[in-house]
């Protein structure tokens, strides 16, 4: 038995193994390969059902069963080995799916389609399979950047901890689109949006465990925006924006992923180009950020990273150099120290932890 299993999504053709399963030793931070599975083209982003019996993946494909657009796939998790078995695949309805979330009750999956600038919700059946989309919302509008913000680009979608709302950062609109969720009908109702400064390009989001703050990482602006979050109303109010890069850095870089540490004291965000993790202290009174340090990830293009549930380790997936590096987290300072060996993984994109069996 391992302490945890880690599921890694990647870019791979449909006949290649694109989701990789590793055991993770919380004593040493060591990742050991266990199994892999194929059957879905480019299964980049993943999420796992609350009961840990099923895994869901988007497929960045051009069509599903002859229907144009991306895919959403369901897998059963073997309760002894953690190995995956494909259950079924449905259409993501839109083009270029880029992110997936499962709601806290395991009733629905939510998909963001970057290419089409849309979001969709699909029901989860009792056997873990996916039904056809019960709702689809096409974003409308644009923002200030002529090259990347001429149209909507929904870049992720996150279900709030209280399961009442879905937040979808849209890079093309400089908005976090907010939807009320009707779980009985599987429908989404648009609410007032959160906003970042023009040209920032919001990408990913995480919530503070105190339930009062949300943090959005902005791909184009290389910043993090801090929001006051009203959980009942489902509203966001921006209070701070801070850089993810060292002062004076002028080369090309784009942010990617963001995570709040489980203890609520620290926040981490990744930079592709500078190839680093920015570390911040979180003010316990107002949730605002102060930079602690910025640490190289050991490879190129850290598109995604994960913090293990114990909060002791951070694993960074370098999409550009095909590897994962593990870092020990100092619980008092939040600082990172590289541990273990480089793990070679083809085009790692997403990392999800579950307890080992």
Q.
Can you report the number of residues in segment 46-67 which are farther than 15 Å from residue 123 by Cα, modelled with pLDDT of 95 or more, in a loop (DSSP other than H, G, I, E, B) and in contact with a strand residue (DSSP E or B) (Cβ under 7 Å, 6 or more places away or on another chain)?
A. 2
Q: Please identify the pairs in which a residue from segment 287-301 that is surrounded by fewer than 14 Cβ atoms within 10 Å (Cβ to Cβ) has its Cβ atom under 8 Å from the Cβ atom of a residue that is not in a strand (DSSP E or B), counting only partners at least 6 apart or on another chain.
A: 290/283
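Name the residue, out of 70, 115, 141, 96, that is touching a strand residue (DSSP E or B) at 6+ places or on another chain (Cβ under 9 Å), buried (at least 23 other Cβ atoms within 10 Å of the Cβ), closer than 24 Å to residue 174 by Cα and in contact (Cβ under 8 Å) with a residue 24 or more places away in the chain. Walk me through how you get there before you give the answer.
Values: 115 fails: buried (at least 23 other Cβ atoms within 10 Å of the Cβ); 141 fails: buried (at least 23 other Cβ atoms within 10 Å of the Cβ); 96 fails: buried (at least 23 other Cβ atoms within 10 Å of the Cβ).
Checking each option against the conditions leaves just 70.
Yes or no, residue by residue, for (1) surrounded by fewer than 22 Cβ atoms within 10 Å (Cβ to Cβ); (2) in contact with a strand residue (DSSP E or B) (Cβ under 7 Å, 6 or more places away or on another chain); (3) outside any strand (DSSP E or B):
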| residue | (1), (2), (3) |
| --- | --- |
| 214 | no, yes, no |
| 232 | yes, no, yes |
| 238 | yes, yes, no |
| 252 | yes, no, yes |
Q.
Out of 169, 202, 161, 198, I need the residue that is closer than 30 Å to residue 252 by Cβ and surrounded by fewer than 16 Cβ atoms within 10 Å (Cβ to Cβ). Which one?
A. 198
Q: Filter segment 180-195 for residues that are under 23 Å from residue 223 (Cβ atoms) and surrounded by 13 or more Cβ atoms within 10 Å (Cβ to Cβ) and give the result.
A: 193, 194, 195
Q. Looking only at residues in segment 123-138 that are in contact (Cβ under 8 Å) with a residue 60 or more places away in the chain and within 14 Å of residue 185 (Cα to Cα), which one is surrounded by the most Cβ atoms within 10 Å (Cβ to Cβ)?
A. 124
Q. Going through segment 1-34 one residue at a time, which ones are closer than 14 Å to residue 322 by Cβ, part of a loop (DSSP other than H, G, I, E, B), in contact with a strand residue (DSSP E or B) (Cβ under 8 Å, 6 or more places away or on another chain) and touching a residue at least 60 places away in the same chain (Cβ under 8 Å)?
A. 11
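Evaluate segment 74-92: report whether one residue or more is more than 27 Å from residue 126 (Cβ to Cβ), assigned to a loop (DSSP other than H, G, I, E, B) and in contact with a strand residue (DSSP E or B) (Cβ under 7 Å, 6 or more places away or on another chain). Write out each step before concluding.
Initially, segment 74-92 is screened for residues more than 27 Å from residue 126 (Cβ to Cβ), giving none.
Checked against the condition, which is being more than 27 Å from residue 126 (Cβ to Cβ), assigned to a loop (DSSP other than H, G, I, E, B) and in contact with a strand residue (DSSP E or B) (Cβ under 7 Å, 6 or more places away or on another chain), segment 74-92 yields no hits at all.
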Q. What pairs come up if the first residue lies in segment 222-248 and is more than 25 Å from residue 276 (Cα to Cα), the second is at pLDDT below 95 and outside any strand (DSSP E or B), and their beta carbons are under 8 Å apart, counting only those six or more places apart or on different chains?
A. 235/192
Q. Can you tell me which residue in segment 321-350 is nearest to the chain's Cα centre (by Cα), limited to those that are over 17 Å from residue 281 (Cα atoms) and in a loop (DSSP other than H, G, I, E, B)?
A. 347
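Can you name every residue in segment 100-119 that is over 14 Å from residue 89 (Cβ atoms) and not in a loop (DSSP other than H, G, I, E, B)? Before you say what the answer is, go through the steps one by one.
Kept after step one, since they are over 14 Å from residue 89 (Cβ atoms), are these residues of segment 100-119: 101-108, 110, 112-119.
Result: 101, 102, 108, 110, 112, 113, 118, 119.
The values are calculated or read from the model by the stated rules, or taken from the named source; none is laboratory data. As the structure is a computational prediction, the values presented were derived from the model and not from experiment. Here Cβ is always computed from backbone atoms with ideal geometry, including for glycine, and neighbour counts include all displayed protein chains.
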